[in-house]
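The values are calculated or read from the model by the stated rules, or taken from the named source; none is laboratory data. None of these values were measured; they are calculated from a predicted model. Every residue, glycine as well, gets a Cβ built from its backbone with ideal geometry; the counts of neighbours run over all protein chains shown. To get the accessible areas, we keep the full protein, side chains included, count just its heavy atoms, and leave off ligands, DNA and RNA. Shrake-Rupley method; radii C 1.70, N 1.55, O 1.52, S 1.80 Å.
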Amino acid sequence: MPRPSTPLLSMRRIRECALDIIDEAGLEALSMRKLAERLGVRAASLYNYVPNKDELLQDIANSVMDEVDVSGFDTDWVTGLTVWARSYRAALAEHPNLVPLLASGPARREAALRRADAVHGGLVNAGWPQRYATMIGASVKYLVIGGAMGSFAGGFPADAELYEERFPNLERAHLLPRHAAEIDSASFELALQAFVEGLRSRHAELTGGAGDS
């Protein structure tokens, strides 16, 4: 029998298949045995590419973080911050079940550390003190991770009678789930805008009004 023209396995195929399982059923659903079954191979074959599940998860997280855009810091810190935050949120929104792993920090993931380095460097080069640069990076993470952990608007029951007597100030809350994606996105943008506007003022105080660059 002739050999196949392409290998049955590759690291990219393993990663994509594992991410599909996580997207479908969560982090706990992924096992090397289940992954091997999905790929149609023996579990032992996977260990030629990745030593264990933990290393595979780190590789997957690294590939997701590789989608986050920090190039805006080449323009100015405000552009860098907003582009970073939006692309960070978009990357997590594609894979919400991966958020608990990403929330734990960059660990030794190359892509995450490169982005943390670019963000910190971009802020410091724009005149932010090291301590502030660290706190700004942490604050954006809180904003993005918090938004990615779940939908605010989608968490309200769509039952008008529930609110009528007991919660009169929430009389329209039953409508929120219908517009969850729109409200959640707009809320993130509102928080990001308010955050950046506040930082503009603080930056001017620290740099003597040197501007945003």
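Backbone N atoms of segment 131-163 closer than 15 Å to the 7 Å Cα→Cβ label point of SER201 are not found in any residue. Equivalent-ellipsoid semi-axes for the chain (Cα gyration tensor, √(5λ), whole Å, largest first): 37, 29, 12. The angle separating the long axis of helix 53-65 from the principal Cα axis of greatest extent in the chain is about 50 degrees. With axes computed from alpha carbons, what is the tilt in degrees of helix 77-94 against the longest principal axis of the chain, rounded to the nearest 10 within 0 to 90? Its long axis makes an angle of about 40 degrees.
The loop-placed GluC sites (Glu not before Pro) in segment 120-206, going by DSSP, that have at most 11 neighbouring Cβ atoms within 10 Å of their Cβ come out as GLU165, GLU171.
Helix 130-148 axis versus longest C-alpha principal axis of the chain: approximately 70°, rounded to the nearest ten.
Summary: within the chain, the longest segment free of trypsin sites (Lys or Arg not before Pro) located in DSSP loops with at most 15 other C-beta atoms within 10 Å is 43-107.
Solvent exposure of the chain, expressed per residue, is 59 Å² of accessible area, with all protein chains present and a 1.4 angstrom probe. Per atom type, segment 62-213 shows carbon and sulfur on 52% of its accessible surface, probed at 1.4 Å. Here r is the Cβ-Cβ distance between ASP76 and SER187 and R0 is 25 Å; the resulting FRET efficiency, rounded to 0.05, is 0.50.
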